[in-house]
Every structure is written in C-alpha cells, then in structure tokens.
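Please read the structure below before turning to the comments.
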Amino acid sequence: MKKYNGNKFSCEFVIDDCKFFGEITFDGINTKAEIWSSEPIVINRVSDNIYGLIYDGMKYITLMDSIFLSKNGVSTARQSDKYVRRYNSIIHPRFVAIGSEWLENTTSVEDVWFSTDKLEKIFHDHHAYRPVIHVDESLVNNLIKRDLEYSESKYGFQANINDHIVNKYHDIGTPPSVYIYTGSKEILSFKTGLGEFSLYHIEGQTSYGGSGIKSDISTQFHISLNESASVQKIFYECWKVHNFIKLLSGKEDYLSKISIHIKGDEKGGYFEIYVSTDAVEYSDEHFDSLLNAKMEKGYLNGIFQKWFDRHEDWKDARNQLCHTYSSNNYNVDRVVKCANIFDLILDKSKVNLPEDIKEAKIQARKIFKALPDSLEKTSFLQALGRLGTKTLKHKINNRIDIILLNSDFEFQDLKFVAHQAVDCRNYFVHGGNKKFDYDLHFDMVSFFIDTLEFIFVVSDLIECGWKIDDWRKPYNPNHRVGRYFTEYPHYLAQLDLITSQSSS
C-alpha cells in the first residue's frame, strides 16, 4: 500500500455498463474517488462494488463498502443563450482491490499476506547477514559452478540471481567477498478459527553485477485459510494482529500491506487491498519491542497462540485500550477509558464476604424491602445486590497480583496508586469529592493513565507466557512499559506527598 499512499491517479469507472472519467486519491482515511460526467451519475447502491481502471499501469480497481462524500454535484456555466452542466460524485471506499482484473467475488479469498509499518522493526534481526572473513576461493568457485550446472540441468540454460542467464562460467577474483544471509525464514506461527498464521522474513535482491548488490528483507504474515472468506473478514483478522503489534511496539501503526489470492483462479487472482480506514503516519524513531526476533520461536509461538486463543473474550477491553495506548495525548477522557477496560474483562467470580457482612446484607434488605417504593429504596437495594461482586478496584487488584507474582521489581504501593486512579476516574464520572486538585496536579492524572495501561498490558502478556524480568534486564528497554519501571519511584514519591498534604 505504501506505493499508493499520497498519490492521485486518473482513471475511468464503469457503472451500469456506462463509462465515466475521474480520479482516485489514495490518502488513508481521506481516500476518495471523484467521478465526472456530462450526464447525471446514477449509483443506486454505493455500498456495492464499483469498478474502475487506473490509466497509469492499467491497473484494475474495485471499490468496496463505499459511502458518498458528495452525491449528484452539479457545476453550471453559461455559454451564449444556453447552460452547460457537468455532474460529479465523490465517494470514500473502505477498501480498494488493485489487480490485473476486477475483484468480482469478494468472498472467495484463499490466501492472505499482510504486514504493518512497524512489523519489520519489531522483528528486526541484527545478525541476519554476516561476512565470511576467511574465504577459500576454490570452494567459492566450486559452489558457483555447481549452482550454474544445476540450473542448466533444470532449466536448459545457466541461470544465476533472479534467473539472469549466464553465457559462460568465470573464475572469481582474489580475494572474493562473501556475505551470507543467516536470518530465520519463519519467526513464529499460531492458529485461529480462520486458519494458520505464520510470520516470516522474505529476502530479495534488487540489483547485482559490477555496480553491486542490494538485498532487502521484508517481514510479513501469511494466513493459510481453513476455508474461503470475505475481504471484510480478512480485514477484521488482520486488524486483530495489527492491534497486538501496536502493543508490542507502543507506537502508532497501520496496515501497510494486504495481498490476497482468490480461490480457484490458477492464472492470476492476486490482488493488493488498500485499506482506507486509517490515517497514515511514518516514523523512524527507535523503540524496543515487548517481543523480538532474538526470542526463541517456541516461546513466541506460545505467547501469540494464547493471546489470540482468548481474544474473543477480551476483544472489547483490548480494543478500548488500543485506541489510546500509543498516543501522547493525555486527558480526562483517557483516564476514564483506561479504568473502564478492567470492567470489560470477563470475570464472573465473587468476593468472599465475612459472615457479619453477609448477615448485615440480609437484614438491610429486609428493612428496605418493607419501605414504600422510592428512588432511594431502589438505589439502595441495587447497591446491596452488587455487594459481593467484584468492584473495579477488586478487578484491578487481581491484575496487579499477577504482576507482583511474576516480577521481582519492587512495586511498592502499586495498589495504592491504582486505587487513586480509580478515585480520579470516579470523580470525573460521578462527581463528588476529589482526593486532590487534579487540574493543579495533572502530571498525576497522566501517571494514573500510565499505571492503568501498564497493569492491563503487562498482566495480559504475563498470563500468555511472557517473562517480564527476562525482557527488562539488564536494562529497562525504550518502550512505554520500560519507561514506567524507570519513572515509577519518582511519581510514587510525588503522589505520596500530594495525598498526605491533601489529607492534613
């Protein structure tokens, strides 16, 4: 998708067997197709596929799940005693399929390849290439000769890099320079109900010969589907992985590539899918990832598998978190959202109440049941009904316990900080008394946001098999999680001082 981003193309569209001229601009969430005509443009269902042809490269495009940005626009100009009219419609497609033919059956996807902008950096392999320092020229000559002889026996001619035909064999010079790609092809794999996902590197040469050679490594997922699926279903599955990648990097990201193959098409059937639902942002800044290519394949497989095994139960909470996790915008709405995600975690367990509390609950219910109906009576009975179910603070405490049991970091008073965060959230949701002036000490509100997000992300990953102490030692990596370890003692001391002054 990167080669289309930010570009505008002249094209024609086919609507009810009529051809119309226009343009399409690929610009993330601002992607639009403009259609022009000297006659009114009639599009009965804009959500149906709209077919077009880009003149540059003669690429066929299929616009899917579109909405109108402007319908039946008219421009009028007077010429002598007559008026000349030109009509236009502007639509925004959610997806654009680009290929050598139109994607008419959007529900027959068989294979998928996709990547995100940050994926290659997350699984970057520092040791993928290495030079061979002590080279035996005769061994290298024999290796090249055997390779050319094998290609001649297989293809009928001698071929080298990129099937370049070689007329004769030349002995290499002295001393030769040899570089070997040693990176792992498959990095990890896991399964979902949709199919098997595998993440791997692709090595490709883009130039060679006397001017030198350039080898590019790209990183992408492949999905081998259990059965054919729709483009919309494919996008939903890719989006789940995209959200997980955002957590691993702690950075904004977008789906930079989606390619599909249609079932039953042996001659072609390959399409690029341009997704028009996100703003596209580029960033070359350094970051560390919660998972990386240096980790053992089985370890990575297990974490990915467990994370996606429970995604259906956790998707509402995780999606809520992913909306803000990589943002640098701290505000009141975010602290409310971060607290609410813990209420979205499926947890039907109860709190064990002491016997005296249980008895008091029974007696209180009897007293209030006998009172005349009123809002106060209903409210109190509802509160009694919730007594024994987990409150927001209970749920967060459970997540904190997971961290404390699996990390040797001295998280002194982490539950105190989390409870202060919930009190802050409760004030902005329900009003009432606040623990201290949140406007005056907004750095503490930001600390509450970081705390709640840290607890959610880290406890979730730990339950999936992540070893947090192995990740952060011998130093705290450059990630939101790593920075929280570094900054925690400072902000805890500040919070202690502020709360002690407010209570005195």
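The values are calculated or read from the model by the stated rules, or taken from the named source; none is laboratory data. These numbers come from a predicted model, not from an experiment. Note: ideal-geometry Cβ built from the backbone for every residue, glycine included; neighbour counts use all protein chains shown. Each accessible area value is taken on the protein alone, full model and side chains, heavy atoms only, with ligands, DNA and RNA left out. Shrake-Rupley method; radii C 1.70, N 1.55, O 1.52, S 1.80 Å.
Of all the residues in the stretch 438-447, those that are in a loop (DSSP other than H, G, I, E, B) and open to solvent by less than 30 Å² (accessible area, probe 1.4 Å) number 1. Looking only at residues of the stretch 67-94 that are among the charged types (D, E, K, R) and out of contact with any strand residue (DSSP E or B) (no Cβ under 6 Å at 6 or more places or on another chain), we find that the one that is farthest from residue 34 (Cα to Cα) is 81. Cβ-Cβ contacts under 8 Å between residues 6 or more apart (or on different chains), taken from a first residue in the stretch 126-147 that is in contact (Cβ under 8 Å) with a residue 12 or more places away in the chain and closer than 30 Å to residue 293 by Cα to a second residue that is part of a strand (DSSP E or B) and among the hydroxyl-bearing types (Ser, Thr, Tyr), are listed as 128/181; 129/179; 129/181; 129/215; 130/179; 131/179; 132/179. Within the stretch 325-370, take every residue that is over 31 Å from the mean Cα position of the chain (by Cα) and of a type in the set (Val, Ile, Thr) and give me the one that is most open to solvent (accessible area, probe 1.4 Å). In this case the residue turns out to be 367.
This table checks each residue for (1) of a type in the set (Asp, Glu); (2) under 26 Å from residue 8 (Cβ atoms); (3) in a strand (DSSP E or B).
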| position | (1), (2), (3) |
| --- | --- |
| 86 | no, yes, yes |
| 93 | no, yes, yes |
| 98 | no, yes, yes |
| 103 | no, yes, no |
| 125 | yes, no, no |
| 130 | no, no, yes |
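Residue-by-condition table, conditions (1) open to solvent by 70 Å² or more (accessible area, probe 1.4 Å); (2) assigned to a loop (DSSP other than H, G, I, E, B); (3) modelled with pLDDT of 90 or more:
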position	(1), (2), (3)
3	yes, yes, no
6	no, yes, no
9	no, no, yes
14	no, no, yes
19	yes, no, yes
23	no, no, yes
34	no, no, yes
39	yes, yes, no
42	yes, yes, no
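With respect to the stated conditions, residue 189 is closer than 17 Å to residue 115 by Cβ, part of a strand (DSSP E or B) and open to solvent by 10 Å² or more (accessible area, probe 1.4 Å).
Within the stretch 276-285, can one find any residue that is at pLDDT below 95 and open to solvent by less than 30 Å² (accessible area, probe 1.4 Å)? Yes, because at least one residue in the stretch 276-285 is at pLDDT below 95 and open to solvent by less than 30 Å² (accessible area, probe 1.4 Å). Is it true that residue 487 is open to solvent by less than 60 Å² (accessible area, probe 1.4 Å), charged (D, E, K, R) and part of a helix (DSSP H, G or I)? Judged against the criteria, residue 487 is not a match. I'd like to know if the stretch 135-144 contains one or more residues that are outside any helix (DSSP H, G or I) and closer than 17 Å to residue 175 by Cβ. Yes, that holds for at least one residue. If only residues of the stretch 206-243 that are surrounded by fewer than 18 Cβ atoms within 10 Å (Cβ to Cβ) and of a type in the set (A, V, I, L, M, F, W, C) are counted, the one that is nearest to the chain's Cα centre (by Cα) is 239.
Looking at the stretch 448-467, can you tell me whether even one residue there is in contact with a Gly (Cβ under 6 Å, 6 or more places away or on another chain), in a helix (DSSP H, G or I) and either over 19 Å from residue 334 (Cα atoms) or open to solvent by 10 Å² or more (accessible area, probe 1.4 Å) (or both)? Scanning the stretch 448-467 turns up no residue that is in contact with a Gly (Cβ under 6 Å, 6 or more places away or on another chain), in a helix (DSSP H, G or I) and either over 19 Å from residue 334 (Cα atoms) or open to solvent by 10 Å² or more (accessible area, probe 1.4 Å) (or both). For the stretch 166-182, residues that are under 13 Å from residue 144 (Cα atoms), part of a loop (DSSP other than H, G, I, E, B) and at pLDDT 75 or above total 1.
Return a yes/no flag: does the stretch 298-320 have any residue that is open to solvent by 60 Å² or more (accessible area, probe 1.4 Å), more than 24 Å from residue 482 (Cβ to Cβ) and not in a helix (DSSP H, G or I). No, the stretch 298-320 contains no residue that is open to solvent by 60 Å² or more (accessible area, probe 1.4 Å), more than 24 Å from residue 482 (Cβ to Cβ) and not in a helix (DSSP H, G or I).
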